[in-house]
Amino acid sequence: MSNTVYYIISALLSIGVLYGIKLMSDVKTAPAGNRVSALCMLAAIVVTLLRTDLQRGLVFIILGLAIGSLLSIFMTIKVKMIQMPQMVGLLNGLGGLASSIAAILTIAVIPNQNAFELTTAALAMAVGAITFSGSLVAALKLHGKMPQKPVVLPGHQLLSAFSILVVLVLVVLIPLRPNANSVLLCALLGIAGLVFGWLFAIRVGGADMPITISLLNSTSGVAAAIAGMALGDVLLVAVGGIVGSSGLLLTQIMCRAMNRKLGAILFGGANKPAPVPKAEPAAPAPLAQETASDTVIEENPEKSAPALPTESDLPQWLTEARKVIIIPGYGMALSQAQEKVKQLSDRFQQTGKQVRFAIHPVAGRMPGHMNVLLAEVDIPYDLLFEMDDINADFPQTDLVIVIGANDVVNPAANTAEGTPIYGMPILDAGKAQRLIICNFDTKPGYAGVDNPLYAGQANVLLLLGDAKASLDKLLANA
Amino acid sequence: MSREIILILVFIVATLLGYKLINAVPSLLHTPLMSGMNALSGITLLGVIAVTAAADTLLGQLLGVLGLVAAVINVVSGFGVTDRMLRMFKGGKAHEEAGQ
């Protein structure tokens, strides 16, 4: 197959992939879009097999493809929706590993490479290795096999700086001395990359995981694109570039949604260990502000001794409400309460109430995770609203039901300076007429900041304990 | 035009086009979008195939097998879970029909 023919095929397949992504912009055509992308990928693999001289490595290639396919089928069927973040993290890591291997073998087996090819191969090696170790740490953290709290080693900054310096020096050195143990240097480069990825991922706290996963998604694409440059494979470069930009875009969206700076997440900065800022000095301020706003809404302006609502108020609250917003959080998923949420939503609709779901951009553990968890129990997507589309409606909402969400409704985000969530836009649940919070306990959420909504207000009813049990109480009274 | 420049240009164009298209994907679908993109990053499989075929030592070939396994899992599982997720999304009307 001549290069020109391959260029044309590559262009067509790249357009196919882009068309698949375009179809992803509408939920109705999205499944078709994914299949278009998958078909293009299959075609790309077949074309590559056809244009590769398979005399020597055929057995190994078949072996690799077969083992990989079998494992994938198993993994695809086994994975639960709540585990999707760690699954994506793991897959990211494997992509990075594959790019690293492609890079080191490029240097080892392809003769007479020029400086461009050697430089890009070395870079792909490094980016792939960083993606691999960073993603594995992220996946293990999300899976609960590693501590979720940020781990900061003594001299962490220095170690990170040193490992990245080694990476940079080797990336320059490998093309400068093409024949002097390139493979050995490349292996060393891989190790430095692995160390850097590990150092960067262990210091990221649980709340920043959605951003980290998005960023690693981007680097896995970039690694593939750079490996493609080393091999002169235009299809790899094009598709890798698309993935790289998508990951970057999602990272930006996540950073905006949490009002975090990427640099601060990667290199520490404001990302101090979560338990330190307990929001103690800040708690009274938001509380005062909340009660102040309550006086406007509530008939009962008694700040000093508000009659706290109890479970006996549930029937009245649930019957009186016409407009209801449900705010689901990761706690709902942990308790596997999605089915009950669906029942509650159906019950509300049957009794003629308007029911909507408010989805915070970082609800769950990765971008869009909550939507998937709700879709799994057949909650129609037209009931799911993004934060910006629904936030203005909270003051006119009779009842907000928070289920296992904490940080995303925590008013301390507006006031508690120096805490990990300070400045993060939140769902204004506190502005609703009445609020039922079904959380496991009143401990701070993932970000480790106390929530002033728990501090006893006349319009806030706390249902503590397992979300399933709390939802049963709601269902019994709705 | 040299091959290097073509490759870099392709990278830039693909990045910009991808950015523009992905910006149009609603946040409702961000998780499947991400796992789908993830699957695409397994395109590196093409590179692994090429270098495994060229490898002339057993060590190189075994390393190639490892890379192939990793990349195939990335591709196949990535598209697989994306499909699983996307099929779950149902709209109001479709939902009523499906659930009677």
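The values are calculated or read from the model by the stated rules, or taken from the named source; none is laboratory data. This is a predicted model, so every value here is computed, not measured. Cβ: placed from backbone, ideal geometry, glycine included. Neighbour counts: every protein chain shown. Surface accessibility is based on the protein's heavy atoms, side chains included, excluding ligands, DNA and RNA. Shrake-Rupley method; radii C 1.70, N 1.55, O 1.52, S 1.80 Å.
Using the Cβ-Cβ distance between A:Asp441 and A:Ala307 with R0 set to 25 Å, the FRET efficiency works out to roughly 0.60.
Under the convention that each Lys and Arg Cβ holds +1 and each Asp and Glu Cβ holds -1, the size of the dipole of the stretch A:81-273 around its Cα centre is about 660 debye.
Taking R0 as 30 Å, what FRET efficiency do you get between A:Ala66 and A:Leu184 from their Cβ-Cβ distance, rounded to the nearest 0.05? Could the numbers behind the result be given before it?
Values: r = 32 Å, r/R0 = 1.05.
After rounding to 0.05, the efficiency reads 0.40.
Taking GluC sites (Glu not before Pro) in DSSP loop states with no more than 14 other Cβ atoms inside 10 Å as exposed sites, chain A has its longest site-free stretch at A:1-298. Its Cα centre serving as origin, chain A has a Cβ charge dipole (Lys and Arg +1, Asp and Glu -1) of approximately 1360 debye.
Accessible area lost on pairing B with A, both sides, 1.4 Å probe, Å² to nearest 100?
8200
The eigenvalues of the Cα gyration tensor, multiplied by 5 and square-rooted, give the protein assembly as shown an equivalent ellipsoid with semi-axes of 48, 26, 18 Å from largest to smallest.
Taken along the Cα-to-beta-carbon direction at a fixed 7 Å, the label points for B:Asp56 and A:Ile191 span 2.7 nm.
For A:Leu463, the residues whose amide H sits under 5 Å from its own are A:Ile437, A:Cys438, A:Asn439, ignoring neighbours fewer than 5 places away on the same chain, with H placed 1.01 Å from N.
Looking at the stretch A:95-109, which residues lose a minimum of 40 Å² of accessible area between their chain alone and all protein chains in place, measuring with a 1.4 Å probe and not counting ligands or nucleic acids? Those residues are A:Ala98, A:Ile101, A:Leu105, A:Val109. For the stretch B:64-84 and the stretch A:169-210, write down the distance between their C-alpha centroids in whole Å. Going from one Cα centre to the other spans 23 Å. Against chain A, whose longest principal axis is taken from its Cα atoms, helix A:84-109 shows a tilt of about 10°.
Applying 1/(1 + (r/R0)^6) with R0 = 35 Å to the Cβ-Cβ distance of A:Leu42 and A:Ala455, what FRET efficiency is obtained, to the nearest 0.05?
Values: r = 57 Å, r/R0 = 1.62.
Given R0 = 35 Å and the Cβ-Cβ separation, E is 0.05.
Could you report the protein assembly as shown's accessible area per residue, 1.4 Å probe, as an integer in Å²? Each step should come with its number before you reach the end.
Working: 22810 Å² over 578 residues.
About 39 Å² of surface per residue is accessible.
Too long at a 29 Å Cα-Cα cut-off: which of A:Lys22/A:Lys342; A:Lys22/A:Lys468; A:Lys80/A:Lys353; A:Lys80/A:Lys342; A:Lys80/B:Lys90?
Numbers: A:Lys22/A:Lys342 31 Å; A:Lys22/A:Lys468 39 Å; A:Lys80/A:Lys353 32 Å; A:Lys80/A:Lys342 18 Å; A:Lys80/B:Lys90 19 Å.
Beyond 29 Å: A:Lys22/A:Lys342; A:Lys22/A:Lys468; A:Lys80/A:Lys353.
The slack between A:Tyr19 and A:Leu168, meaning 0.36 nm per residue of separation minus the straight C-alpha distance, is 50.0 nm. Its residue count N fixes a reference of 2.2 N^0.38 Å for the stretch A:81-273, and the Cα radius of gyration divided by that reference is 1.01. Neighbouring Cβ atoms from other chains, within 10 Å of the Cβ of residues in A:110-117, number 2 on average. For the stretch B:29-98, place one equal point scatterer on every Cα, skip the solvent, and apply the Debye formula. What is log10 of I(q)/I(0) at q = 0.14 Å⁻¹? With one equal scatterer per Cα and no solvent, log10 I(q)/I(0) is -0.54. Shielding of peptide A:77-84 by partners, expressed as the average count of other chain Cβ atoms within 10 Å per residue Cβ, is 3.
With all projection directions averaged, the alpha carbon convex hull of the stretch A:1-78 covers 6.4 nm².
In straight-distance terms, cross-link reach from A:Lys261 covers every one of the lysines whose alpha-carbon lies under 17 Å from its own, apart from those fewer than eight places away in the same chain; here that gives A:Lys272.
For the stretch A:48-109 versus the stretch B:3-51, the spacing of their alpha-carbon centroids is 17 Å. Placing pseudo-labels 7 Å out from each Cα toward the beta carbon at A:Gln336 and B:Ser2 gives an inter-label distance of 6.0 nm. When the stretch B:29-98 is described by a simple charge dipole with +1 on each Lys and Arg Cβ and -1 on each Asp and Glu Cβ, the residue from B:Ile49, B:Ile73, B:Leu86 located farthest towards its positive end is B:Leu86. Once divided by 2.2 N^0.38 Å, the Cα radius of gyration of the stretch A:284-477 becomes 0.94.
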